[in-house]
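Structure record follows, encoded as structure tokens.
The values are calculated or read from the model by the stated rules, or taken from the named source; none is laboratory data. This is a predicted model, so every value here is computed, not measured. Note that each Cβ is placed from the backbone with ideal geometry, even for glycine, and that neighbours are counted across all protein chains shown.
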Amino acid sequence: PKLANAWINLGHAHLRNRDVGRAIPALEKALALAPQALDAQLYLAQAYLGIRDAAKARAYAETILARQPELPVALGIATLANLMTGDSQRAALAFARLRTKDPKTASNIRAQAVAAGLPGATALPSP
């Protein structure tokens with residue numbers, strides 16, 4: 001189809017079913033049709049984070065945050081992606097914003113990072 005929403009919905013369904021291999025192409029097709037689609041960017045950031053492609057996850061998170069600087073899910077992705085790439089300073093900045101905006105999500109992100117053994121995760125303050 002030539003409708004971005006159809007590709008976004010398909011990509012999201014694949015992502016929910018943990019079929020990232022099918023989610024990513026569908027979501028990239030959606031972005032080709034609607035480059036500003038925030039939901040497609042968000043789902044792609046989550047998908048790339050899920051396959052540990054931190055650079056792409058961070059790039060999508062930063063694109064989202066340029067438009068919605070306080071979006072908790074994007075701040076969480078940015079925190080995790082920055083930790084994965086070893087950029088603890090940028091991770092700490094994103095985490096501080098997340099902690100201010102949504103302490104519960106910040107606590108969950110910190111717990112995920114610590115459980116994954118990401119470098120710098122234990123240095124993030126407990127919310």
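Exactly one residue out of T105, T63 is in contact with a Pro (Cβ under 9 Å, 6 or more places away or on another chain), part of a helix (DSSP H, G or I), modelled with pLDDT of 95 or more and of a type in the set (S, T, Y): that is T105. Of A54, A111, all but one fail to be modelled with pLDDT of 95 or more and farther than 21 Å from P125 by Cβ; the exception is A54. Among the residues of region 35-52, just one is buried (at least 17 other Cβ atoms within 10 Å of the Cβ) and outside any helix (DSSP H, G or I), namely A37. Just need a number here: residues in region 84-100 that are under 21 Å from Y43 (Cβ atoms) and either surrounded by fewer than 24 Cβ atoms within 10 Å (Cβ to Cβ) or not small (G, A, S) (or both). Matching residues across region 84-100 total 3.
Please verify whether T63 is farther than 21 Å from I8 by Cα and either in contact with a helix residue (DSSP H, G or I) (Cβ under 7 Å, 6 or more places away or on another chain) or touching a residue at least 24 places away in the same chain (Cβ under 8 Å) (or both), treating the condition exactly as stated. The answer is no for T63.
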